Amino acid sequence: MAKTIKIRAKAKNGVTVVKALITHPMETGLRKNKKTGEMIPAHFIQEVVCKHNGKEVINCEWGGSVSKNPYLAFKFKGGKKDDAIELAWKDNKGNGDSISAKIR
Amino acid sequence: MSLNQKRRVFLKGSLAVGALGAAAGLITPGAVLAAWNKNAFTAKSIDEAIAASNGQPVTTPSTDITIKAPDIAENGAVVPVSVATKMKGVDSITLLVEKNSTPLSAVFHLPKGTLPDVSTRVKMGKTGDVIAVVKANGKLFSARKGVKVTIGGCGG
């Protein structure tokens with residue numbers, strides 16, 4: 001589990017900065033396989049949700065035009081060292097992954 | 001997001017219980033978030049995409065929105081974009097790429113307490129504007145920034 005996500009959350013002056021990297025091909029469905037000429041089917045992350053101590057702090061909807069191996073950074077008020085941070089994603093094929101981490 | 005659409009659909013199904021329907025309609029946003037907004041992400045024009053993701057296509061240009069993106073992107077497949085604003089009461093930030101075949105790239109729903117400051121990376125097919133739409137206190141504001149792409153990120 002959670003091999004696809006790297007997350008880092010750091011609390012400073014009452015604001016927590018969360019940075020996450022997800023490993024994912026993010027195929028738009030518009031690209032062609034150069035050798036066979038066939039279209040590569042769309043495969044991209046649609047939803048990313050991040051929770052702090054069980055409370056949602058961001059909810060993203062993504063399309064295929066987010067880059068391969070997506071990066072996400074955001075900030076929220078509150079949060080302190082050792083609080084739980086949880087991030088989960090789901091793609092258009094129904095696959096997903098999640099990770100739990102602690103704020104540093 | 002398509003709050004109004006949802007409500008309309010909901011009301012259609014429960015016209016008989018009008019008052020109840022309206023009350024339930026008000027609490028649907030939480031449930032709406034769970035469903036990926038297909039209409040918005042497959043929309044081919046910017047107006048359609050904004051309308052489908054935010055309920056209406058009209059936005060007010062604002063100088064309070066800061067878009068950080070490179071002036072020239074060497075690789076259109078990876079264009080770092082940050083959007084931040086000083087506005088209060090921001091519900092969501094929508095990111096669009098003008099020249100892509102489906103302009104809508106990402107929608108960030110920000111619950112109370114989350115700062116309106118998000119960063120990600122997007123693909124850009126060719127040179128054009130990156131548009132950020134900020135929904136604050138029910139109103140839509142927008143800003144755009146031109147990015148020159150030297151190698152496209154879409155298609156092969």
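Details
- Taking the stretch A:45-99 as the range and being without any contact (Cβ under 8 Å) to a residue 24 or more places away in the chain and farther than 27 Å from B:A40 by Cβ as the test, only A:D82 passes.
- A count restricted to the stretch B:107-135 and to residues that are more than 7 Å from chain A (Cβ to nearest Cβ), part of a loop (DSSP other than H, G, I, E, B) and farther than 24 Å from B:I72 by Cβ stands at 1.
- Among the residues of the stretch A:67-104, those that are closer than 26 Å to B:F41 by Cα and among the polar types (S, T, N, Q) comprise A:S67, A:N69, A:N92, A:N95, A:S98.
- Residue check for B:A84: within 11 Å of chain A (Cβ to nearest Cβ) and in a strand (DSSP E or B): yes
- In the stretch B:29-78, the residues that are among the acidic types (D, E) and modelled with pLDDT under 90: B:E74
- Candidate set from the stretch B:89-106 (those that are more than 7 Å from chain A (Cβ to nearest Cβ) and in a strand (DSSP E or B)); member that is surrounded by the fewest Cβ atoms within 10 Å (Cβ to Cβ): B:D91
- In the stretch B:36-47, the residues that are without any contact (Cβ under 8 Å) to a residue 24 or more places away in the chain form no Cβ pair under 7 Å with any partner that is part of a helix (DSSP H, G or I) and open to solvent by less than 20 Å² (accessible area, probe 1.4 Å), whether six or more places apart or across chains.
- Within the set A:T28, A:T23, the sole residue that is among the hydroxyl-bearing types (S, T, Y), surrounded by 15 or more Cβ atoms within 10 Å (Cβ to Cβ) and farther than 26 Å from B:L115 by Cβ turns out to be A:T28.
- Verdict on A:T16 being hydroxyl-bearing (S, T, Y) and outside any strand (DSSP E or B): no
- Evaluating B:P70 against the criteria (1) closer than 20 Å to B:I46 by Cβ; (2) in contact (Cβ under 8 Å) with a residue 60 or more places away in the chain; (3) more than 7 Å from chain A (Cβ to nearest Cβ); (4) open to solvent by less than 60 Å² (accessible area, probe 1.4 Å) leaves one unmet condition, (1).
Condition check ((1) in contact (Cβ under 8 Å) with a residue 24 or more places away in the chain; (2) in contact with a Phe, Trp or Tyr (Cβ under 7 Å, 6 or more places away or on another chain)) across all residues:
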{"site": "B:S92", "(1), (2)": "yes, yes"}
{"site": "B:T102", "(1), (2)": "yes, yes"}
{"site": "B:S105", "(1), (2)": "no, no"}
{"site": "B:P111", "(1), (2)": "no, no"}
{"site": "B:V122", "(1), (2)": "yes, no"}
{"site": "B:S142", "(1), (2)": "yes, no"}
{"site": "B:V149", "(1), (2)": "yes, no"}
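- Residues of the stretch A:34-92 classified as in a strand (DSSP E or B), more than 7 Å from chain B (Cβ to nearest Cβ) and open to solvent by 10 Å² or more (accessible area, probe 1.4 Å), total: 11
The values are calculated or read from the model by the stated rules, or taken from the named source; none is laboratory data. Because the structure is a prediction, the values reported are computed rather than measured. All Cβ positions, even for glycine, are placed from backbone atoms using ideal geometry, and neighbour counts span all protein chains on display. What goes into the accessible areas is simple: the full protein's heavy atoms, side chains included, and nothing from ligands, DNA or RNA. Shrake-Rupley method; radii C 1.70, N 1.55, O 1.52, S 1.80 Å.
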